[in-house]
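K.L.:
My structure is below; once you've seen it, I'll send some questions.
Just so it is clear, none of the values below were taken in a lab; they were calculated from the coordinates. As the structure is a prediction and not an experimental result, all values here were calculated from the model. When we count neighbours, we look across all protein chains shown, and the Cβ atoms used for this are built from the backbone with ideal geometry, even at glycine.
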Amino acid sequence: MEVISTIAALRARLKEEGSIAFVPTMGNLHEGHLNLMRQAREHGRCVVASIFVNPLQFGPNEDFDQYPRTLDVDCEKLQDLVDVVFAPAVKEMYPVQQTVFVEPPPVANELCGAARPGHFCGMATVVLKLLNIVQPDVALFGKKDYQQLHIIRQFVSQLNLPVSIIGGATVRAADGLALSSRNQYLTESERAEAVFLSQTLQAMRMAVLQGERNYGQLQQQASDALTHRGWIVDYVSVRNQSDLLPADENQPELVILAAARLGKTRLLDNVEVVIGCESDIIPPPIER
Ligand code: PAF
């Protein structure tokens, strides 16, 4: 595995490669990222990972400075999984002040975009730059950032980029908490509470599978339950998988998304639900 930090050296290294599978990250890698790297191997002869904490996608009061940077440990984890790690400095990615941006679709102003103005524009801009630099055949992103994945699919399709986008399943801790680099900001007691987010989404999913169609009420109840336990809720929302607009009753393929803060940590999670997929209903445990 090689670590490369300049665009010119990366381009020279990848010139002769047949098929390239690419996993962009901001580093501080966990099992969710490593799973994407393993999946990438199925799609490309050469697997490239990038590690770049992108300043454009952080707001002025967000955690850009604090975001964990663990390049050496990350490279150790990637040693046997990828062929090339692209780890540019900020100056390499943005040698001049960025004045050309990707304008993401309107859904970028909802959900996480409502709480983080400009975030998806900064994210889409760096992802487009990285795709242009690496020129992969396939690029993989985690489904934990569901809205991000949706927006990437939109601009890749609308800007006719010659790359296939693949979503990787969310990897969870044993108690169900979705893995995230930001989980390490949680205190011990917050970590114990954090599982309530995925439990809430699972309970909503069960309710929908059992016939609940009053999504407004379902969202409100979930949001109230989180607030009652001390969470600051950004949103809990039932949406169509296809366009991420608020779910309409006739749509069978839904996704329930939530973002909420515990202390200083903002956590995200989501679950997909397909109505009519009876095998999705897990019977309640038998009480003895
Ligand atoms: O999901 C992330 O880690 C980042 O948003 C991404 C896609 C690497 C762009 O900076």
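K.L.:
Charged (D, E, K, R), within 11 Å of the ligand (Cβ to nearest atom), surrounded by 18 or more Cβ atoms within 10 Å (Cβ to Cβ) and over 11 Å from the mean Cα position of the chain (by Cα): is that true of residue 144 in this structure?
P.N.:
No, not satisfied.
K.L.:
Assuming residue 210 fulfils every condition listed in (1) surrounded by 12 or more Cβ atoms within 10 Å (Cβ to Cβ); (2) more than 20 Å from the chain's Cα centre (by Cα) apart from one, which condition is it?
P.N.:
(1)
Listed here are the residues, each with its yes/no results for (1) out of contact with any Asp or Glu (no Cβ under 6 Å at 6 or more places or on another chain); (2) closer than 18 Å to residue 148 by Cα; (3) not hydrophobic (A, V, I, L, M, F, W, C).
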residue: 182; (1), (2), (3): yes, yes, yes
residue: 189; (1), (2), (3): yes, no, yes
residue: 192; (1), (2), (3): yes, no, no
residue: 234; (1), (2), (3): yes, yes, yes
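K.L.:
Also: Collect the residues in region 6-44 that are exposed (fewer than 15 other Cβ atoms within 10 Å of the Cβ) and assigned to a loop (DSSP other than H, G, I, E, B), keeping them in residue-number order.
P.N.:
6, 15, 16, 18, 19, 42
K.L.:
Any chance you could count how many residues in region 24-80 are small (Gly, Ala, Ser), away from the ligand (no atom under 12 Å from the Cβ) and under 19 Å from residue 185 (Cα atoms)?
P.N.:
1
K.L.:
Sticking with this one: Residue check, residue 99 against (1) of a type in the set (Val, Ile, Thr); (2) crowded, with 22+ Cβ neighbours inside 10 Å; (3) over 18 Å from residue 265 (Cβ atoms), all met but one. Which one?
P.N.:
If we test residue 99 against (1) of a type in the set (Val, Ile, Thr); (2) crowded, with 22+ Cβ neighbours inside 10 Å; (3) over 18 Å from residue 265 (Cβ atoms), just (2) comes out false.
K.L.:
Filter region 143-163 down to the residues that are hydrophobic (A, V, I, L, M, F, W, C) and part of a helix (DSSP H, G or I) and list them by number. Give the steps one after another, and end with the answer.
P.N.:
Step one: list which residues in region 143-163 are hydrophobic (A, V, I, L, M, F, W, C), which gives 149, 151-152, 155-156, 159, 161, 163.
Scanning region 143-163 gives 149, 151, 152, 155, 156.
To keep it simple, each residue is scored yes or no on (1) in a loop (DSSP other than H, G, I, E, B); (2) within 11 Å of the ligand (Cβ to nearest atom); (3) within 16 Å of the chain's Cα centre (by Cα).
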site	(1), (2), (3)
88	yes, no, no
98	yes, no, no
102	yes, no, no
131	no, yes, no
139	no, yes, yes
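K.L.:
So for region 166-182 (the condition being assigned to a helix (DSSP H, G or I), within 17 Å of the chain's Cα centre (by Cα) and of a type in the set (A, V, I, L, M)), does at least one residue qualify?
P.N.:
No, region 166-182 contains no residue that is assigned to a helix (DSSP H, G or I), within 17 Å of the chain's Cα centre (by Cα) and of a type in the set (A, V, I, L, M).
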